[in-house]
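Bear in mind that the values in this text are calculations on the coordinates, not laboratory data. All figures in this text were calculated on a predicted structure; none of them were measured in a lab. Cβ placement follows ideal geometry from the backbone for every residue including glycine, while neighbour counts extend to all protein chains displayed.
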Amino acid sequence: MKLAVRAILSLMLTLLSGLAGAQGADPGDDKTVIFTPGDPEMKMATAKALARLDEFLSLAEAPPSGADRFKLKVKVRDGNVTEHFWVIPFRRTETGFVGILANQPDEVKNVVLGQNIKFTRDDISDWGYTRDGRQIGSFTVCVMFKRMPKEEADYMRGKYGFDC
C-alpha cells in the first residue's frame, strides 16, 4: 500500500506515564492500525465524534464528578501521509487548540512523542474521556478493535473500560 493512500490511527488507551501523570499506563498497549482514507466504518465513527464535539469540549472545561483523562484525537499530515494521534492534555487557544502528542509516530516525521502541538477544530477526528472507570467516546478505537486480533481487543476492552 502506498503511503499516499494510507491513514494511520494510533490506539492510545490511557495517558503515557511521562505525560500528565498517568496511572498504570503501559506504552506497549499503544497500537497502530492502518485504514484506507474513506473507510466507511472509520468515517462513521469520526462523524459521530464530531457531531458531539461541542458537548465534549463543554464537559472538558467543567468536568463532572468522576470524569478525567480528557483527550482529543488529531490528524497530523507530513507530505502525503496522515497519522492520527491522541493529544493529552489539551486546551483551547484564541486560534484553536494546543496540547501534548501522546503517541509515538510511526510514519510522519514532523512531530515527536511529547511534543506540544497546535491544531484546529478541523484536525480533530475523535475525543474521549474516562468516567467512573469507563471509557466515554473514543469512537475510532471501537472501530480499531474490529481490526485487531480478538484476544488483544478483548484484553484492551477489559483493561481500559471500553463497552464496545
- prompt: Taking amide H positions as placed 1.01 Å from N in the peptide plane, with prolines and chain starts having none, which residues 5 or more places from Asn103, or on another chain, fall under 5 Å of its amide H?
  reply: Trp86, Gly114
task: Averaging sequence separations of C-alpha pairs under 8 Å and six or more residues apart, then dividing by the length of segment 60-164, give the relative contact order as a whole percent.
output: 23 percent
query: What FRET efficiency comes out for the pair Arg92/Arg52, r = Cβ-Cβ distance, R0 = 25 Å, nearest 0.05?
result: 0.90
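Given 0.36 nm per residue, what is the gain on full extension from Asp163 to Asp122 after removing their alpha carbon distance, in nm? Numbers along the way, then the final one.
Numbers: separation 41, 0.36 × 41 = 14.76 nm, distance 2.74 nm.
Answer, rounded to one decimal: 12.0 nm.
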query: So, by mean Cβ neighbours within 10 angstrom, what's the order for 106-112, 133-139, 90-96 with the highest one leading?
result: 133-139, 106-112, 90-96
message: What are the ³J(HN,Hα) couplings of segment 141-146, residue after residue, when phi is run through the Karplus curve with 6.51, -1.76, 1.60 and θ = phi - 60°? Round to Hz, x for glycine and proline.
response: 5, 4, 5, 4, 4, 5
